[in-house]
Amino acid sequence: MQGSRPQLQDLEMRGNYINRHIGSNETQLKELLETLGLTCLEDIVEQAFPSNIVNQEPLKLTEIISESAVFKHLAKMRQNNKVLTSLIGMGYYNTDMPAVIKRNVLENPGWYTAYTPYQAEVSQGRLEALINFQQMIIDLTGMELANSSLLDEATAAAEAMSMSKRLSETTANTFFVDQDCFPQTIAVIKTRACSLGYEIITGPVEKLNEHQNLFGILVQNPDCSGAIKDLTSIVAEARKQSALVTVATDLLSLVLLKPPAAFGADIVVGNTQRFGVPMGYGGPHAAFFATKEAYKRSVPGRIIGVSKDNQDQTAFRLALQTREQHIRRDKATSNICTAQVLLAVIAGFYAVYHGPEGLRMIAGRVHRYTQILAAGLEQLGFQLQTHSYFDTVVVSTPGCAASYLAKAEYAGINLRFIDEDHLGMSLDETSNREIIRKLWRIFAADNAPMPDINLLDELTGECIPNELLRSDPILQHPVFAKYHSETEMMRYMRRLARRDIALDRAMIPLGSCTMKLNAATAMQTISYSSINGLHPFVPLHQAEGYRQLFDELEDMLCDLTGFDAFSFQPNAGSQGEYTGLLVIRKYHEVMGQGQRDICLIPASAHGTNPASASLAGLKVVVLACDDQGNVSLDDLRDKAALYKDTLAAIMITYPSTHGVFEEAFCEICTLVHENGGQVYMDGANFNALVGISRPGKLGADVAHLNLHKTFSIPHGGGGPGAGPIGVGAHLAPYLPDHPVVKGVNRFATEQGTVGTVSAAPWGSASILAISWAYIAMMGAVGLRKATLAAILNANYIAKRLAPHFPILYTGKNGWVAHECIIDCSEFKKTAGVSVDDIAKRLIDYGFHAPTVAFPVADTLMIEPTESESKIEIDRFCDALISIRLEIAEIENGSADLHNNLLHNAPHTHRLLLAEWQLPYSRQQAFFPDNHQHDDKYWPPVGRVDNVYGDRHLICSCPPLSDYE
Ligand SMILES: *Cc1c(COP(=O)(O)O)cnc(C)c1O
């Protein structure tokens, strides 16, 4: 008995997170290894990695902490955040996320673990939620068309500027920005304009007529000080110059105000944060972008459209993808890839739940409180700067703003400090009588009589002139009327969620997207108000917990990557690319090499790479790849030499987009450096390197990491994301800063930085806690094990599928990295089967397709990640092999060339109702293998017609008859 007693250390380890993050248990791992002829995971290092990229130094992250210890540590960190009532405004407001939405969406993996809805048939639930979002934006702004989210209001405004330039019929090169826009919006626009070579003029919009040659203007309404403008004369003046008009606005105010479209706005942008999404110390939130139908082909970001399926049923899909970076590369309308889907879904549901009446009640209450607050302040002898406002007033405090500010903070309220003579305050959905009384008390002289709320309510009239108020009805579509009881709302959300395949249903083997586990423990962090309740512009001493979180996460990432500093400002991989390239440009400029503007990008690169390079004002030169999918060293040598005086950078994905560890990575870095360029590494595939290799020590100067891939932030159905960039010490001084929060870049020198790339100083701060928790729970040991398990799984799949499908690229010893590509081009000739047919047939087996046709046409790229078990991986391989046999039946003539299992896939329940006329059995169609008996996924629609959808573009909710 004594002898078999387990060791304490063993007992402690066995319960740890690592073993539950990695899908296969020790026995399964052993089986996987045996299939590949190995005995232990560590053998993979020797087998798969080029020896010159393997890190030999120990990492600092040696301590593995248990889930409960992580929880305690985070709790301590959170306690150092002070959650006051922030009335700072400037684009961020308190809001009540309805608990029914919090519990059923934010905290439901059916919503947060889904991917971008590329496969429309398995994404109808979130596509419907997103079209509700678009309908809400269309209704409230009055515009004809809206997209499904941009990253934040400031970048949405920058996108509006770029779109204005694209559409402009003049040769004008100047964009006018009203000085009363949010400072962070102005800063982001200036950064973008600088890289694109546009002039920016900021000034009072009333003096627009003093400027000539404008291609567009941006005006904010209500503006930063809360004032509501009559835009009529401003739009007329802009028209005279053929300049496009962008209006940045507040969505809640539009419930009451005449919409921007009624003034003739061309583009309307803003944030939907206050529709139920917590402030999160800056993010994530969904920004919106609305415009006219005529400009649809120029719209940045994702648009959801209505189409039909092969049985003439209404079906949703991503519309107009030909504008996007994966097709148009450096000529794309923008570089946006990951957007803010989960947050757009939440904001859309907020409108569905409250409906037009509820929203009018909320907006009306906020506005009424603001007028009463203002009247009371006047009664107390204060002068107000604005007289027509929605929720924000600016109070004159001659010479003593700081003392009122301090008094307010002491009373638990943050106000906006404008200057010594002015303070601003913005009320919101959570404001109440007590807060108003508190505010009066802060401003009142010691024994001044307090104003009376009820009395003021009677005495105070509407401050907004009638002609600026809204008279048309909003949100008339039935979806905004049907789900106001919690029961109905709960069922609606569940109905939509079960239409989709997310990670809660099956593995999602999307190559390059790294659909790994998003642990419940890590996810819990974002539900705490001490994480999500902070306004991004609170005084830094109220956010010490966040400071600690940023510092610790930066240390962790520096340790893992070998870089010297990180910026958390970029809100997605695409934004990291853009920022990293700006940093490189700035560095060259400081070095007196400002002429360097060539960016080498391999032909196989992700579409965001060329799109970001062109946003950063660089000229893209494409590098050839050899037969093995590697960068052609000969071509690189030639081009680096040819452009040696103008070479700015290479953008190289490592491991490559083909899922291979190129042997020549270090050599490529050296070649580029020798010719004066910097190395930008696309680190989206860092999942294959964590704990093994440190690119910052191999020659990469900058890299972005996709925290929503490698570091376990969920994809949210297409966002949020986080794309922080790591840099070498020589680039750290140029990392982004922020106009409102000082000291964001602590390395900044008098040479200046690249400016600001996101609205919030640390981007989507709240979700950084998820990655922190993931890294803390895994430690260096766990992260290394995860990397090796991910590579093991990919190679196991390659091995199992190799007899049935050609495997496209391999590296050392015939090994792939963390993903593998199967070539399906032959089946077109032999069976008339396209790669899409295979993707759709997988749905009948209950699977989400792998990445289709990227980075090579007619292929599937499969990435299992470490989180999938051998059982699930086998299930997936079985399905693909079974589909291969179905193809063989077409090849050998026993199945029809057109009317077959693949062409007709996915098979919907509707087929069951009609008389069965297909040349194969229902069993084959619906239950092709045993697994469907456990949990059959019924696709809500059949194959979606893409061409029809783009030809008959509809981006708003279809009429109710279509749902029935
Ligand atoms: C996902 C990905 C990107 C883009 O990242 P987003 O966060 O979607 O903007 C860039 N490069 C590669 C290789 C990727 O896989």
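The values are calculated or read from the model by the stated rules, or taken from the named source; none is laboratory data. Since the model is a prediction, treat every value here as computed from it, not as a measurement. With ideal geometry, Cβ positions are generated from the backbone for all residues, glycine too; neighbour counts draw on all protein chains shown. For the accessible areas, the whole protein counts, side chains as well, though only heavy atoms, and no ligand, DNA or RNA atoms are used. Shrake-Rupley method; radii C 1.70, N 1.55, O 1.52, S 1.80 Å.
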Seminar exercise, completed: Any lysines whose Cα falls less than 19 Å from that of K639, other than same-chain ones fewer than 8 residues away, would be K619
Exercise. Taking a probe of 1.4 Å, how large is the accessible area per residue of the stretch 823-964, in Å²?
Worked result: 43
For this session: Please give the per residue accessible area of the stretch 176-268, computed with a probe of 1.4 Å over protein heavy atoms only, in Å².
Result: 31
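Once the other residues with Cβ under 10 Å from the Cβ of N94 are scored (Lys, Arg +1; Asp, Glu -1), what is the net sum?
Working: positive: R274; negative: D96, D428, E429.
Surrounding charge for N94 is -2.
Given charges of +1 on the Cβ of Lys and Arg and -1 on the Cβ of Asp and Glu, with all other atoms neutral, how large is the dipole of the chain about its Cα centre, in debye to the nearest 20? The partial results should precede the final answer.
Numbers: 80 positive and 106 negative charges, 146 e Å.
Using only the charged Cβ atoms, the result is roughly 700 debye.
Net charge near T608: determine it from the other residues with C-beta under 15 Å of the C-beta of T608, scoring Lys and Arg +1 and Asp and Glu -1. Before the final figure, lay out each step's value.
On the way: positive: R302, R323, R328, R329, K331, K709; negative: E159, E324, D330, E577, D682.
Around T608, the surrounding residues sum to +1.
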Exercise. Given the pairs K82/K438; K82/K407; K76/K438; K229/K407, which span a C-alpha to C-alpha distance of over 22 angstrom in this model?
Worked result: K76/K438; K229/K407
For this session: Give the residues of the stretch 556-571 whose amide nitrogen is closer than 20 Å to a point set 7 Å from the Cα of H673 in the direction of its Cβ.
Result: 558-566
Exercise. Can you count the Lys pairs in the stretch 780-951 with C-alpha separation below 25 Å, eight or more apart or on different chains?
Worked result: 14
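Report, in deg cm²/dmol and to the nearest 500, the calculated mean residue ellipticity at 222 nm for the chain, where each DSSP H run with n ≥ 4 adds -39500 (n - 2.57) and the sum is divided by the residue count.
Values: 31 runs with 348 residues, N = 964.
It comes out at -11000 deg cm²/dmol, rounded to the nearest 500.
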Seminar exercise, completed: Carbon and sulfur atoms account, in whole percent of the 1.4 Å probe accessible area of the chain, for 49
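Can you figure out the FRET efficiency of L642 with K407, using R₀ = 51 Å and their beta-carbon distance, to the nearest 0.05?
Values: r = 65 Å, r/R0 = 1.28.
E(calc), rounded to 0.05, equals 0.20.
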Seminar exercise, completed: Given pairs K72/K102; K207/K742; K240/K292; K190/K742 and cut-off 28 Å on Cα-Cα distance, the over-length ones are K207/K742
For this session: State, to one decimal in nm², a quarter of the convex hull surface area for the C-alpha atoms of the stretch 831-912, i.e. the direction-averaged projected area.
Result: 6.2
Exercise. Within the stretch 527-775, what percent of beta bridges assigned by DSSP are antiparallel, to the nearest 5?
Worked result: 30
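Determine the sum of side-chain charges near D858: Lys and Arg each +1, Asp and Glu each -1, restricted to other residues whose C-beta is under 13 angstrom from that of D858. Please report the intermediate quantities before stating the final value.
Numbers: positive: K828, K829; negative: D823, E826, D836, D837.
Counting the neighbours of D858, the net charge comes to -2.
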Exercise. Length gain on complete extension for the stretch L912 to K76, per 0.36 nm per residue less the alpha carbon to alpha carbon distance?
Worked result: 295.3 nm
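If you count, for each residue, the other Cβ atoms within 10 Å and average over each peptide, how do 685-695, 441-451, 282-292, 523-533 line up from highest to lowest? Don't skip to the end; give the middle numbers.
On the way: 685-695: 24.7, 441-451: 12.6, 282-292: 28.8, 523-533: 18.9.
Descending mean neighbour count gives 282-292, 685-695, 523-533, 441-451.
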Exercise. Separation between the R491 and R441 pseudo-spin-labels, each 7 Å from Cα along Cα→Cβ, expressed in nm?
Worked result: 4.7
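Calculate, in nm to one decimal, what E42 and N946 gain on full extension: separation in residues at 0.36 nm each, minus their alpha carbon distance.
Working: separation 904, 0.36 × 904 = 325.44 nm, distance 4.61 nm.
320.8 nm is the gain from fully extending E42 to N946.
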For this session: Take every Cα pair under 8 Å in the chain that's 6+ residues apart, average their separations, divide by the length, and report that relative contact order as a whole percent.
Result: 20
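Give the percent of DSSP beta bridges with both residues in the chain that are antiparallel, rounded to the nearest 5.
On the way: 43 of 82 bridges.
So the antiparallel bridges amount to about 50 percent of the total.
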For this session: Express the relative contact order of the stretch 319-407 as a whole percentage, based on alpha carbon pairs under 8 Å and six or more residues apart in sequence.
Result: 14
Exercise. Roughly speaking, what is the stretch gain from E199 to H422, that is 0.36 nm per residue apart minus the C-alpha to C-alpha distance, in nm to one decimal?
Worked result: 77.2 nm
Problem set entry | Over the stretch 780-951: Rg over Rh, Cα atoms, Kirkwood Rh | 1.00
Problem set entry | Cα-projected label distance for E210 with D626, points at 7 Å along beta-carbon direction, nm | 6.3
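Explain nothing, just the number: relative contact order of the stretch 780-951, from Cα pairs under 8 Å at least 6 residues apart, as a whole percent. Please list the in-between numbers first.
Numbers: 231 pairs, mean separation 39.4, N = 172.
The value is 23 percent.
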Problem set entry | Reduced Cα scattering model of the chain, Debye log10 I(q)/I(0), q = 0.05, 0.07, 0.08, 0.09 Å⁻¹ | -0.29, -0.58, -0.76, -0.96
Exercise. What aspartates and glutamates sit close enough to K258 to cross-link, taking a C-alpha to C-alpha distance under 18 Å and skipping anything fewer than 8 places away on the same chain?
Worked result: D139, E144, D223, D230, D250, D266, E357, D391, E462, E467, D472
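Can you give me the accessible area per residue for the stretch 527-775, using a 1.4 Å probe, in Å²?
Working: 6230 Å² over 249 residues.
Averaged over the residues of the stretch 527-775, the accessible area is 25 Å².
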For this session: Please give, to one decimal in nm, the separation of the simple spin-label points placed at L469 and D858, each 7 Å out from Cα toward the Cβ.
Result: 6.6
